[in-house]
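One structure is given here, and the rest of the page talks about it.
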Amino acid sequence: MSDKRILLIIGGGIAAYKSLELIRELSRRGIASRCIVTKGGQEFVTPLSVSALSGEKVFTELFDLDDESEMGHIQLSRSADLVVVCPATADLMAKAANGLANDLASTALLATDKPVLMVPAMNVRMWEHAATQRNVETLRGDGVTVMDPDEGAMACGEFGPGRLPEPIAIADRIQALLSDGPVLYGLEPKPLAGRHALITAGPTREPLDPVRFLSNHSSGKQGYAIAGALARAGARVTLVSGPVSLETPAGVDLVPVETAREMLEACQAALPSDLFVSVAAVADWRPSRAAAKKMKLKEGDGDPHPTLELSENPDILATLSRKKKNRPTLIIGFAAETHEVEALAIAKLKRKRCDWIVANDVSGDVMGGTMNEVSLVTRDGVEDRWPRMTKEDVATRLVERIAREFDDEAGQIAAE
Ligand code: C5P
């Protein structure tokens, strides 16, 4: 647990309510928040609810005699390790970019000697406006970290960049900025440097004949996000992937395959590895015989009622988990279920003999979508239930957990 503290400036915007979730997420990570709520912010969240969550007095006024005698705005702006503006409105960014100081938030931003993170959230046109973009450039030039907003449907009914990123992603960025230890975002040392990570992703295709195949709806998004996060954490990454229409993440070695049997062969060939993450939606069966020529139905000598004989495919996760030699140290499977998600995941972990299972409920819009909601199951049972978040955030959080595991393992070996 860290003993870090941020000064959180909550600006006015519909996304302000998410700052409450952020405070909670940060406190789970041992990071305390002292908060300023702007006038606009108070239209969306009350100082009382912010104070209840943060466990601290909330500051709202510049010329409040009590506050000034207890803690002046200069001291307030310097009493934290990091200043975070969330949501950062167009107005707050414009003030900060131009050095205005006419309320408590803008004065604290001008007076601080600490790093500043701005998390913008606004209407897409306001975000894309030349003035806002100019202010963002100025702020970045001044050394302020400005997160890119998420893209999607907005409260105002428009669509595009401008949404506040998920609180988990903001907390990750805050943790990275506060941390002087290993982190995922571009800092040294990389927590997985020197490790080899093998990962499968996407669907497999099982041919019926030269033009037809059996497959599934897997988009590969979650697997590719994990491969990218592993590479950012410094691992050498081998990504064995079925056919998908995604760009290969930077720093990842791609081994493209089609069938389950090719996928298994490519995985075996990539060993040894420290980590195996089995995200691929491997087809359970394949047509027992793939016709050499295109099968014809009605015309010519075609069978009008052909039957399909299927054979079971190898289970790649179970095969690698049961290896005596060269078994990766940490093996993580995925379990996509539509009901009894966690119970089935626990059973699957035992059956396949992997170390962890990331269990997800695919009864909604997970397949092909950008969001995911998962539980992390280890040999000890359900370790954690993560809130609904983007697949990128699931990847970052999983890789952080993986990095911790290897860190603990390295610590144990050093202690022996
Ligand atoms: O048994 P089920 O398909 O639900 O298990 C899912 C997990 O097993 C995933 O991690 C998937 O990548 C892996 N798997 C595999 N080979 C198979 C079937 C599933 O590696 N033939």
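Considering each of Ala403, Ala395, Ala410 in turn, give the residue that is farther than 17 Å from Phe334 by Cα, open to solvent by less than 80 Å² (accessible area, probe 1.4 Å) and in contact (Cβ under 8 Å) with a residue 40 or more places away in the chain.
Answer to the check: Ala403.
Select from segment 331-369 the residues that are β-branched (Val, Ile, Thr) and near the ligand (Cβ under 10 Å from one of its atoms) and list them in ascending order.
Correct list: Ile331, Ile332, Ile357, Val358.
For segment 346-366, give me each residue that is among the hydrophobic types (A, V, I, L, M, F, W, C) and surrounded by 15 or more Cβ atoms within 10 Å (Cβ to Cβ).
If the condition is that a residue be among the hydrophobic types (A, V, I, L, M, F, W, C) and surrounded by 15 or more Cβ atoms within 10 Å (Cβ to Cβ), then Ile346, Leu349, Cys354, Trp356, Ile357, Val358, Ala359, Val362, Val366 are the ones that fit.
Assigned by TED's automatic domain parsing to the domain that holds Glu61, within 28 Å of Met389 (Cβ to Cβ), at pLDDT 95 or above and open to solvent by less than 30 Å² (accessible area, probe 1.4 Å): does that describe Val124?
Spelling it out, it is not the case that Val124 is assigned by TED's automatic domain parsing to the domain that holds Glu61, within 28 Å of Met389 (Cβ to Cβ), at pLDDT 95 or above and open to solvent by less than 30 Å² (accessible area, probe 1.4 Å).
Of the residues that make up segment 379-400, is at least one part of a strand (DSSP E or B) and polar (S, T, N, Q)?
Within segment 379-400, one or more residues are part of a strand (DSSP E or B) and polar (S, T, N, Q).
Does any residue in segment 259-280 that is in contact (Cβ under 8 Å) with a residue 60 or more places away in the chain come within less than 7 Å, Cβ to Cβ, of a residue that is within 13 Å of the ligand (Cβ to nearest atom) and open to solvent by 30 Å² or more (accessible area, probe 1.4 Å) six or more places away or on a different chain, and which pairs are these?
Met263/Val282; Ser278/Phe334; Val279/Phe334
Go through Leu320, Leu376 for me and flag whichever is within 13 Å of the ligand (Cβ to nearest atom) and of a type outside the set (S, T, N, Q).
Leu320
Quick one: Gln412 ticks every box in (1) part of a helix (DSSP H, G or I); (2) under 24 Å from Val237 (Cα atoms); (3) out of contact with any helix residue (DSSP H, G or I) (no Cβ under 8 Å at 6 or more places or on another chain); (4) away from the ligand (no atom under 16 Å from the Cβ) bar one, so which box is it?
Single failed check for Gln412: (2).
Taking segment 331-345, which residues are touching a strand residue (DSSP E or B) at 6+ places or on another chain (Cβ under 6 Å), open to solvent by 10 Å² or more (accessible area, probe 1.4 Å) and of a type outside the set (Phe, Trp, Tyr)?
Listed by number, the residues that qualify are Ala336, Val341, Glu342, Leu344.
Select from segment 175-206 the residues that are away from the ligand (no atom under 16 Å from the Cβ) and at pLDDT 90 or above and list them in ascending order.
Leu192, Ala193, Gly194, Arg195, His196
Somewhere in segment 374-391, is a residue in contact with a His (Cβ under 7 Å, 6 or more places away or on another chain) and open to solvent by 20 Å² or more (accessible area, probe 1.4 Å)?
No; the residues of segment 374-391 include none that is in contact with a His (Cβ under 7 Å, 6 or more places away or on another chain) and open to solvent by 20 Å² or more (accessible area, probe 1.4 Å).
Could you tell me whether any residue of segment 135-146 is open to solvent by 10 Å² or more (accessible area, probe 1.4 Å), on the phi > 0 side of the Ramachandran plot and part of a loop (DSSP other than H, G, I, E, B)?
Checked segment 135-146: at least one residue is open to solvent by 10 Å² or more (accessible area, probe 1.4 Å), on the phi > 0 side of the Ramachandran plot and part of a loop (DSSP other than H, G, I, E, B).
Rundown of residues vs (1) outside any helix (DSSP H, G or I); (2) closer than 23 Å to Glu206 by Cβ, yes/no style:
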| position | (1), (2) |
| --- | --- |
| Asp303 | yes, yes |
| Pro314 | yes, yes |
| Leu317 | no, yes |
| Ala336 | yes, yes |
| Ala343 | no, no |
| Lys348 | no, yes |
| Ile357 | yes, no |
| Gly364 | yes, no |
| Gly369 | yes, no |
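Wholly within segment 234-291, which strands (runs of 3 or more DSSP E) include no fewer than the required count, namely at least 2 residues that are away from the ligand (no atom under 16 Å from the Cβ) and either assigned by TED's automatic domain parsing to the domain that holds Gly223 or open to solvent by 30 Å² or more (accessible area, probe 1.4 Å) (or both)?
Because the criterion is at least 2 residues that are away from the ligand (no atom under 16 Å from the Cβ) and either assigned by TED's automatic domain parsing to the domain that holds Gly223 or open to solvent by 30 Å² or more (accessible area, probe 1.4 Å) (or both), the strands (runs of 3 or more DSSP E) in segment 234-291 that meet it are 236-241, 252-256.
The values are calculated or read from the model by the stated rules, or taken from the named source; none is laboratory data. Source: prediction; values computed, not measured. So basically every Cβ, Gly included, is an ideal-geometry build from the backbone, and we count neighbours across all protein chains shown. Accessible surface areas use protein heavy atoms only, side chains included; no ligands, DNA or RNA. Shrake-Rupley method; radii C 1.70, N 1.55, O 1.52, S 1.80 Å.
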